[in-house]
Amino acid sequence: MIRATLPQWARPTSQPSAIISRSDGFGRIAAWAASVLSLVALLYAAAAAAQVMTIDTNPSATVAEGPIDRQYAQIQPTHVALSKSRLDPKTGMLLIRALQSEQGFAMRPLPQGHKGLKLVANGKLYPAGEAYVEMAVTNGISARPGDRVVVTDVKIVHSMIVFDLNGGPDLKHRILSHISIGMGPEIAEPVVQQNGDIPTGARVTLAFKGHIPELTGKQVEDLLAPLISFGVKTPVQAFTDTLPKPLKEAILNHQVWVGMSTEMVLYSLGRPWNKYRAMDGQMPYEDWVYGHPPQTTTFVRINGNRVIRVAIAPVGKPMEVFTKDVVSPMMLSNGSGELADSNAHVIREGDVQRRPTDAPAPPPTLLKPGEKPPSAIQGAGQMRPVYFPKDQQEPSLGANPDDQQPASAPAAAKTAPAKGAQASTAAPPASTPAGSSPSTSAKTGSSSSPQASPAGASN
């Protein structure tokens with residue numbers, strides 16, 4: 001960590017300016033004294049109100065653990081013998097001339113962005129894992145595995161060699177395009193005008209420990225081999241060299257496996273003879289057809305960018321159908337052959353892609369596991385009468401509450417009492433105050449005497 005103090009006066013602020021006449025000598029002395037006092041005040045403010053900035057100089061990035069696409073996983077370090085003597089300026093110029101305009105093939109996805117990838121000589125790659133994937137998603141891909149790349153610029157900076165590929169990730173003259181030189185009210189044009197093109201190149205930094213040793217062009221190419229291959233290859237060879245060995249042999253033998261991408265299918269069998277689009281339920285797919293009878297016909301079913309079904313129909317033999325994904329386990333970084341850990345819970349965004357052979361998903365429900373729906377409970381779902389509360393007459397302002405008529409009795413109370421039942425057992429009216437006796441409530445309901453009051457009230 002490096003801690004740097006940034007004084008308050010170093011930040012851009014608006015300072016008032018004094019207008020002093022040149023002919024006034026006293027004004028000059030006052031201006032000189034004001035400048036001295038301002039300098040003392042600034043030094044005091046710098047010591048009193050300083051800001052502390054923390055800069056992280058650790059170039060390492062977090063490496064994700066667990067299965068991940070092998071194209072973004074950590075590389076295997078190279079073993080190139082390096083000299084202990086330092087690189088002199090003359091050898092550096094020869095090295096730049098040897099590497100300038102060299103062409104190669106990308107062995108891994110090369111992301112855009114000013115920072116780019118950093119490869120330690122005979123060491124690891126930074127970033128790697130999830131950080132590598134995040135850089136590629138955020139900045140975009142400049143070159144995919146197997147694409148041809150050209151070294152357009154080589155710079156030697158301290159203990160690093162910086163390579164710009166396919167034009168680099170930065171605009172040319174990006175600083176001069178913001179500088180204008182002119183006089184008068186008219187705004188002059190920038191020194192260098194941009195044509196609006198957006199750079200799409202990549203950057204790779206080869207870092208050494210301490211200093212750069214004496215190198216040859218061949219040694220630098222060997223150190224960059226995990227990212228760029230400078231050998232003479234065909235496009236098919238350059239692409240298959242980035243894949244696992246079994247998958248590489250399958251493509252070179254013109255075979256198609258379930259789980260391959262459309263790019264792998266094109267490198268293996270070429271462009272299809274015919275294409276058919278259809279729907280399987282709610283899943284769209286494409287059938288690529290290779291061959292015509294009496295030749296062996298191959299039907300490759302593709303959903304999105306992956307092969308989900310391969311059917312081979314030889315003449316005079318039954319059709320062979322393959323639906324098991326055998327490519328995805330090969331593309332994992334750990335090489336375990338398993339798609340995911342049995343104890344891991346993977347959450348994916350977007351629509352769930354289901355195979356035609358999978359059972360339909362159950363409808364969503366709010367029931368707990370093992371809970372029965374209401375339709376399965378006896379007596380549930382029966383239609384019953386609905387009772388609405390009756391409107392009650394609101395008391396008028398200033399009226400005596402004792403003079404109000406009691407609310408109508410509920411429907412159950414209106415029914416005739418059973419034979420032999422006494423009137424004293426009837427329920428009190430709804431307007432009876434809490435705590436009053438039944439006799440008092442009956443008097444209140446039968447007469448409007450002002451002497452009737454709730455129990456416990458003072459006379």
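No lab work stands behind these numbers, since they all come straight from the coordinates. None of these values were measured; they are calculated from a predicted model. Counting neighbours? That spans all protein chains shown, and the Cβs are built from the backbone with ideal geometry, glycine included.
Odds and ends about this structure:
- Long-range HN-HN contacts of GLN74 with modeled amide H, under 5 Å: GLY129
- Each peptide among 131-138, 162-169 gets the average number of other Cβ atoms lying within 10 Å of its residues, and from highest to lowest they stand as 162-169, 131-138.
- MET319 paired with ARG144, simple spin-label distance in nm, labels 7 Å along Cα-to-beta-carbon: 2.9
- Other-chain or far-sequence residues with amide H under 5 Å of SER142's (modelled H): LEU110, GLN112
- Relative contact order computed over the range 244-331 (Cα-Cα under 8 Å; 6+ residues apart), in percent: 28
- Fully extended contour minus Cα-Cα distance, from LYS172 to GLN103, at 0.36 nm per residue: 22.7 nm
- Efficiency of FRET from Cβ geometry, ALA361 and GLN393, R₀ 41 Å, rounded to 0.05: 0.10
- From phi via Karplus (6.51, -1.76, 1.60), per-residue ³J(HN,Hα) for the range 108-117 in Hz, x at Gly/Pro: 9, x, 9, x, 7, x, 5, 6, x, 9
- Computed from the C-beta positions of LYS218 and ILE179 and an R0 of 41 Å, the FRET efficiency is 0.45 to the nearest 0.05.
- Alpha-carbon centroids, the range 104-119 and the range 140-207: separation in whole Å: 15
- Using θ = phi - 60° and Karplus 6.51 cos²θ - 1.76 cosθ + 1.60, couplings along the range 237-252 (whole Hz; Gly, Pro as x): 5, 5, 6, 6, 5, 8, 10, x, 4, x, 5, 4, 5, 5, 5, 5
- Cβ-defined net charge surrounding ARG144, 11 Å radius [Lys, Arg +1; Asp, Glu -1]: 0
- 3J(HN,Hα) couplings calculated from phi for the range 94-102 with the Karplus curve 6.51 cos²θ - 1.76 cosθ + 1.60 (θ = phi - 60°) are, in sequence order, 5, 5, 5, 5, 6, 9, 5, 6, 6 Hz; Gly and Pro show x.
- Among beta bridges identified by DSSP and lying wholly in the range 70-238, the antiparallel ones come to about 85 percent.
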